[in-house]
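Notes follow the structure.
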Amino acid sequence: AGAAGIQIKKVDFSIFSKKIVQLAEKKISEEDLKPKLKIDLELPKDKINISTFKKILDLERGRRYFCSAHPAWVTGAIYGVIAPFLIGSRNYVIEGRFDSKIWKKFIFENKIESMYTAPTVFRLVKEEITKRDIKYLKRVCSVGEPLSKSLVEYYKKLGIKIIDTYWQTETGAI
């Protein structure tokens, strides 16, 4: 057989397969195939510290809130879905790839009041964003990576104080 100018020699792998099976049978016992650990975890609502949702993200019932993290990531799941659900905030989501023009229009048109996003987003919209675009924002928090001093100073001139939550997945929560 040949493809893209390369000749491929047909080989019988049955001897190789038999050798692998024989080796596995010698090395792997029935005991090795039994699960060693089973984890079944449920996190009751009363074990979640919702005070961080209220105090740090400034969430409250009815507050217009946007967390830019994807819900498949822990930040998106906890702070983008669970937190606003438990508090009763109005949660907003943007679908699709990041686009700075769509993002800033979304923030303004939905009158977002609290936002949780990564410093990367702040850098990507920095040259385009105006005071008008963020006039409804009361609380802005960052997640995932350190904020640079210049970024904090830039947004401070627009009237926005960015709160660095210093949160990483490894820390479990804010």
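The values are calculated or read from the model by the stated rules, or taken from the named source; none is laboratory data. Owing to the predicted nature of the structure, the values given are computational and were not obtained by experimental measurement. Virtual Cβ from ideal backbone geometry, glycine too; neighbours counted across all protein chains shown. Each accessible area value is taken on the protein alone, full model and side chains, heavy atoms only, with ligands, DNA and RNA left out. Shrake-Rupley method; radii C 1.70, N 1.55, O 1.52, S 1.80 Å.
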*Can you pull the one-decimal nm distance between simple spin-label points at residue 105 and residue 135, each 7 Å off the Cα toward Cβ?*
1.8 nm
_19 Å Cα-Cα threshold exceeded, pairs from 55/135; 101/135; 101/149; 104/135; 105/126; 54/135_ = 55/135; 101/149; 54/135
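Residue 55 to residue 149: FRET efficiency via 1/(1 + (r/R0)^6), r the Cβ-Cβ distance, R0 25 Å, to the nearest 0.05? Working shown, then result.
On the way: r = 24 Å, r/R0 = 0.98.
Plugging the Cβ-Cβ distance into 1/(1 + (r/R0)^6) gives 0.55.
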*Per-residue accessible area for residue 145 at 1.4 Å probe radius, Å² rounded to 10?*
60 Å²
*Subtract the Cα-Cα distance of residue 31 and residue 73 from 0.36 nm times their separation in residues, and report this length gain in nm to one decimal.*
11.6 nm
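Rank these by accessible area, largest first, 1.4 Å probe: 129, 82. Show your work: numbers first, answer last.
Working: 129 10, 82 55 Å².
Most to least solvent-accessible, the answer reads 82, 129.
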*So what does residue 27 come to for accessible area, using a 1.4 Å probe and Å² rounded to 10?*
150 Å²
